[in-house]
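Undergrad: Sharing a structure here in structure tokens format.
Throughout, read-outs are computed from the coordinates displayed, never taken from laboratory work. Small disclaimer: the values here were computed from a predicted structure and weren't measured. Glycine gets a Cβ as well: all are built from the backbone with ideal geometry, and neighbour counts include every protein chain shown.
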Amino acid sequence: MNALELQGVGKEHEGTPPVQALRDVSLTVESGGFLAVTGPSGSGKSTLLAVAGTLERPTRGTVRVAGTAVQAMSDTELSGIRSTGLGFVFQQFHLLPTRSVLHNVADGLLYRGITAAERLERATEAVAAVGLDHRRTHRPGELSGGECQRTAIARAIVGEPALLLADEPTGNLDSATGREIFSVLGRLHERGTTILVVTHNDELARRTPRTVALRDGRIERDDRR
Ligand SMILES: Nc1ncnc2c1ncn2[C@@H]1O[C@H](COP(=O)(O)OP(=O)(O)OP(=O)(O)O)[C@@H](O)[C@H]1O
Ligand SMILES: [Mg+2]
């Protein structure tokens, strides 16, 4: 199955003149894939991630997440898809400062109709998967930037989404920590997580099996290694 299918996707932002952020983008991410999206600033990377993540509706074309066409869905249905089928990681970690690592991660399972005990059990596994076992009870203020981002990644994968979407997850980190975060993503990929990561860092992008380069809202290259 494909985790994500974009077909002829265009996205126009209103304004004078309007901006064509994406033009005729067709892209398939197979289940289990690990894809980096690169390109210069303004090339449409974040727009692609927002459209793939149903955060924005395309102006043209179709989007399928885990085989389901999303364009006819209501905003409520889309937020359901986002909470059960997609995981998000951004440059800012968006962690709750008063909650421990474990509880921040467990909160990724709210509104799933599962017990608090099960949420904590699954959060414990996700925290271990990103190598943060020893920091479970720490609060975000007691963590390094890399550890904060590992926590955010654990929260995004705890519900086992069909697709993990990450927009510049290393943007606030030094280069060694950025490499460490890509190693975490690589290990999650080996365990079966499907990942689309946006980065303007070509060295990090080369660590993934596939890189799609955007320019002016179009796919300029699609390299598989
Ligand atoms: N809400 C918006 N309204 C108008 N134009 C927008 C909006 N969001 C993005 N754009 C424009 O769409 C284009 C693509 O933006 P996008 O944020 O996708 O680029 P990006 O590749 O993520 O850039 P960066 O590397 O700087 O994050 C840019 O020209 C941007 O100015
Ligand atoms: Mg961006």
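Undergrad: Tell me whether segment 174-224 comes out rounded, prolate or oblate; compute the Cα gyration tensor, take square roots of the eigenvalues as a ≥ b ≥ c, and use a/c under 1.5 as the rounded threshold.
TA: Oblate, since a/c reaches 1.5 and b/c is not below a/b.
Undergrad: With no solvent and one point per C-alpha, what does the Debye sum give as log10 I(q)/I(0) for the chain at q = 0.14 Å⁻¹?
TA: -0.85
Undergrad: Just to confirm the filter: which chymotrypsin sites (Phe, Trp or Tyr not before Pro) across segment 49-118 are DSSP coil and have at most 10 other Cβ within 10 angstrom of their Cβ?
TA: Tyr111
Undergrad: Suppose each label sits 7 Å from its Cα in the direction of the beta carbon; what would the Met73-Ala116 distance come out to in nanometres?
TA: 3.0
Undergrad: Another question, if that's okay. Restricting to bridges with both residues inside the chain, how much of the DSSP beta-bridge set is antiparallel, in percent to the nearest 5?
TA: 55
Undergrad: How tilted is helix 175-190 with respect to the longest principal axis of the chain? Cα atoms for both, answer in degrees (0 to 90, nearest 10).
TA: Its long axis makes an angle of about 90 degrees.
Undergrad: Would you mind calculating the relative contact order of segment 125-225 from Cα pairs under 8 angstrom and at least 6 residues apart, reporting the percent as a whole number?
TA: Averaging sequence separation for qualifying contacts and normalising by length gives 23 percent for segment 125-225.
Undergrad: Now for a different question. Would you compute, from DSSP H runs of 4+ residues alone, the mean residue ellipticity of the chain at 222 nm, taking -39500 (n - 2.57) per run and dividing by the full residue count, rounded to the nearest 500?
TA: -9500 deg cm²/dmol
Undergrad: Any idea how far the Cα center of segment 15-36 sits from the one of segment 175-213, in Å?
TA: 18
Undergrad: Provide the convex hull volume over Cα atoms per residue for segment 52-154, in Å³.
TA: 120
Undergrad: Now for a different question. Could you bin all the Cα-Cα distances of segment 94-225 into 10 Å bins starting at 0 and give me the percent of pairs in each, rounded to whole numbers?
TA: Going from the shortest bin to the longest, the percentages are 12, 41, 32, 13, 2.
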